[in-house]
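Notes follow the structure.
The values are calculated or read from the model by the stated rules, or taken from the named source; none is laboratory data. Small disclaimer: the values here were computed from a predicted structure and weren't measured. Here the Cβ is made from the backbone with ideal geometry for all residues, glycine too, and neighbour counts use every protein chain on show. Note: areas computed on protein heavy atoms with side chains; ligands, DNA, RNA excluded. Shrake-Rupley method; radii C 1.70, N 1.55, O 1.52, S 1.80 Å.
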Amino acid sequence: MPKIADIEDTPNPNAKKFILKEPLSWGITHSYESAAQAADDLLAASIFDIEHVTNVFYVDRWLTVTQDGDADWQQLLRRVADRIRAAPAADEQSAKLTAAAIPIEDLSPDDQQRLYMINGLLDEQIRPYLQGDGGDLHVLGLEGNRLTVHYQGACGSCPSSISGTLVSIEQLLKTIEPDIEVVAL
């Protein structure tokens, strides 16, 4: 039963980040954009049962919930907090996984190496900031010089993620891949 240490605003006015004292997972990201996607996740499904919730994202000791903009935050936060407190903490024996370690299928060994370097740079210089704001970035694919990414959590519907953040990510990656194009889905 995770205890809530703090609730933080995010750059996205429709998202809040819950900081927890106990982990909900050990390095495994859970990202859902609908109740249907969350059907097999008891915690996320219970949060989607709350009216106005549009996104649930959690990993380790934090959870971000996004609403449609029509809910009163005070009421919504209380309801979400009740669902978090009712959830079991992560099993401490669970293995840690990282998104960077999960290969995208059908890539050549050279492209796997390129993706490894790209993920390393994202892990070092981008993801910590996105996670600090209640979101994350998942790499969906690498095809030629086109990197396809998906924003998660608070970043998924944040206006700055498609404009400034995406441009910054592309500029950073151009330091190791000069011809790369970054596209968000």
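Of all beta bridges that DSSP places with both ends in the range 32-185, some 80 percent have antiparallel geometry. If only the Cβ of Lys and Arg carry +1 and only the Cβ of Asp and Glu carry -1, the dipole of the chain around its Cα centre is close to 580 debye. If you take the beta carbon distance between Val167 and Ala86 as r and set R0 to 41 Å, what does 1/(1 + (r/R0)^6) give as a FRET efficiency, to the nearest 0.05? So the FRET efficiency works out to roughly 0.50.
Which net charge results for the neighbourhood of Gly144, defined as the other residues with beta-carbon distances under 10 angstrom from its beta-carbon, given Lys and Arg at +1 and Asp and Glu at -1? Write out the running numbers ahead of the final one.
Numbers: positive: Arg146; negative: Asp111, Glu143, Asp179, Glu181.
It works out to a net charge of -3.
With all protein chains kept in place, the per residue accessible area of the chain amounts to 53 square angstrom at a probe of 1.4 angstrom.
For the chain, with all protein chains in place and a probe radius of 1.4 Å, 50% of the accessible heavy-atom surface sits on carbon or sulfur.
What FRET efficiency do you get for Ile4 and Glu51 if R0 is 22 Å and r is their Cβ-Cβ distance, rounded to the nearest 0.05?
Numbers: r = 21 Å, r/R0 = 0.95.
Calculated transfer efficiency: 0.55.
The gain in end-to-end length when the Val183 to Ile19 segment is fully stretched comes to 56.1 nm, 0.36 nm per residue minus the alpha carbon separation. Label separation (Leu42 vs Glu124): 4.1 nm, computed from points 7 Å beyond Cα along the C-beta direction.
As a check on your grasp of the helix formula, calculate [θ] at 222 nm for the chain: sum -39500 (n - 2.57) over DSSP H runs of n ≥ 4, divide by the residue count, round to the nearest 500. Write down the numbers at each step before the final one.
Details: 5 runs with 52 residues, N = 185.
Here the helix-only value at 222 nm equals -8500 deg cm²/dmol.
Annotation: Glu51 carries an accessible surface of approximately 120 Å², with a 1.4 Å probe and no ligand, DNA or RNA atoms counted. With a Förster radius of 22 Å applied to the C-beta separation of Leu140 and Gln113, the computed FRET efficiency comes to 0.75. Looking at the range 12-51, which trypsin sites (Lys or Arg not before Pro) are DSSP coil and have at most 15 other C-beta atoms within 10 Å of their C-beta? Here the sparse-neighbourhood loop sites are Lys21. Mind counting lysine pairs for me in the chain? Cα separation below 24 Å, and the two need to be 8 or more apart along the chain or on different chains. Number of lysine pairs found: 6.
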